[in-house]
Every structure is written in structure tokens, then in C-alpha cells.
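Derivation of every value follows stated rules applied to the coordinates shown; laboratory data play no part. Every value quoted in this text rests on a predicted model; they were computed, and no experiment measured them. Cβ coordinates were reconstructed from backbone atoms using ideal geometry, including for glycine residues, and neighbour counts include every protein chain displayed.
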Amino acid sequence: MRKLFQALALLAAFVLLIALPQVAADGVRSALTLCGRGILPSLFPFFVCSNLFLLLGFSTRFSARFGGAAAKLLRLPPAAGSAFLLGLLGGYPAGAQAVGVLYTRGEVSEPDAERALAVCNQSGPSFIFGVLGGAVFKSAAAGAFLYAVQIISAVLVCRLTAKKQPTSAKSAAKPQQPESFAAAFSESVRRAGMNAIQICMFVTAFSVLSRYFLLAAGRFLPSEALPLFLGTLELSAGCAARSTAAWCRRTQSRISRSSCQSFFRYA
């Protein structure tokens, strides 16, 4: 039954792409514009720096100095403290990437890496303060509140899911030696590019999906509910729609309300 449903859904997707190719093209252009204006400028440089932080061995030094405090707070091995720090500064892409690198290098075991993802999946300060606090809510205090809430919730989730006897860091393999700066920089740029491309491709895929949904049901969806719907599919698109909705409300005296509704119906 599941395979039949998947086959029918795939067939419907092919029909829509052939019958209405312009809708998919508009979704791709919109997503790539969003990636070029907001996502890549904020994430790609931090991806490079976070990879350098790990590959040059600074994560091992950080874990040696602050790993005990991080282990008590998160109930994770000390090596996971560096991933927690990168997650606080760069958000879930950098935090999750750091966990993956630590696992690949043998600094955390597989069960600990899986649990560490629970505390490294928050949005970074550049997104919280720049996009949500600055563009959406126009309030630095609102950004600070959201940033604190997600950190506290992430720590609570990690502590509540911890076992009575957390996996010891000694069960992981011996960490690899730091690479030379030239090799680490080259590898950091390569990994950062691959991660950034993957994120943009997911943003693009969900943008196309949302375009077809809005074409079919957009007339029944209130414009105020559009950011919530888009945010459930992909966070950055929902925040962009929320920002545009605020702009429409501020400029109602200069443009017609129908223009905003038309934008939301096909955006």
C-alpha cells in the first residue's frame, strides 16, 4: 500500500512538472534568491571557520579545558562541548556538522553523537537576531528571548534523554592529529561548500513544493497563515514570508491590500 501511494505521488509530481513547469521554475528562482541573499552569506563563512576549528585541533583543546563543565551540563562526553559551542554560535547546520566531524574523527561514539544532535539543532545568533529579531519582530529583546528559550529547551532535552550512566568518552577512538593549515583550509572550504549546497537544495525543493500547494489551495489560506505554513515546510521561507507580511501591513496606505494578497497567493 505504501509503495502504491509513493508511485501515485511520484506520478502526480511528474504530471505537475510537465503541465505547469513555470510554477516549479518560479519556486526554484525564489529559493535561490533567498539562498543568495540570506542563507549563504550567513552560513558559508561560518561553515569554513567551524571546520577549521575542528580540523586544526582547537576542539580538542577546548574540550580539555571546558569539557568537564559541558559534560556536567549536557551529560555528554567532554568532546561534545566544542560541538555545543559551535551550535550556539553558528546554529544547527554548524553544530550538526561539528558532531559529524567529531564522530568521523573518533572523538565521540555513535550513541553520544546521536544525543549531541539534540543540543546542536538550535538556530544561530545571526539568524535569531538578524532575521527574527531585526527583520521580523523589529526587537532585539524578542531575539534575545527566542535565543534563550531554544538554548534552555535544547539543554533540557539533552539532559532528560541522558542515560543513568552516559557513554564514556574513552569508548571512542583516539582523536586524529591536527592537520596542517593549508590542508585544513582546503578541506574546510570543500566541506563548507558541500554543506551549503545541500542546504540550498533542500530549501529549493520545499520552495517548489510550496508553490504547487499554494496554487491549489492558496485562495483558501489566509495571508496571515502563510508564514506558519511555509515555516512548517522550511524555516527560512516562513521567516521571509513573515517579514514580507509585516512589510505589507506597514505599506497598506500606499499600496492596495489586494496586491499583498496576490503576492501571498503566488509567492
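Full extension from Arg159 to Gln198: what is 0.36 nm times the residue separation minus their Cα-Cα distance, to one decimal in nm? Show your work: numbers first, answer last.
On the way: separation 39, 0.36 × 39 = 14.04 nm, distance 3.01 nm.
Contour length minus Cα-Cα distance gives 11.0 nm.
Using Cβ contacts closer than 10 Å as the measure, can you line up Lys138, Lys3 from fewest to most? Spell out each step's value before the answer.
Working: Lys138 11, Lys3 7.
Lowest count first: Lys3, Lys138.
What number, in nm² with one decimal, is the all-direction average of the projected area of the convex hull of the alpha-carbon atoms of the stretch 87-135? Could you put the intermediate results ahead of the total?
Values: hull surface 12.2 nm².
One quarter of the hull surface, i.e. the mean projection, equals 3.0 nm².
Give me the distance between the Cα centres of the stretch 8-39 and the stretch 72-91, rounded to whole Å.
Their Cα centres are 37 Å away from one another.
Using the 10 angstrom Cβ neighbour count as an exposure proxy, how do Cys49, Cys120, Cys35 rank, fewest first? Write out the running numbers ahead of the final one.
Working: Cys49 16, Cys120 27, Cys35 22.
If I rank by nearby Cβ atoms, fewest first, I get Cys49, Cys35, Cys120.
Evaluate the distance, in nm, between pseudo-label points positioned 7 Å from the Cα of Arg61 and of Phe185 along their respective Cα→Cβ axes.
1.8
Could you sort the peptides 206-218, 19-31 by per-residue average Cβ neighbour count (10 Å cutoff), highest mean leading? Please report the intermediate quantities before stating the final value.
On the way: 206-218: 17.8, 19-31: 15.3.
Going by the mean number of other Cβ atoms within 10 Å, highest first, we get 206-218, 19-31.
Semi-axes of the equivalent ellipsoid for the stretch 46-90, please: Cα gyration tensor eigenvalues, times 5, square-rooted, ordered largest first, whole Å. Intermediate results must be reported in sequence, preceding the final value.
Numbers: eigenvalues 67, 26, 8 Å².
Each semi-axis is the square root of five times an eigenvalue, giving 18, 11, 6 Å.
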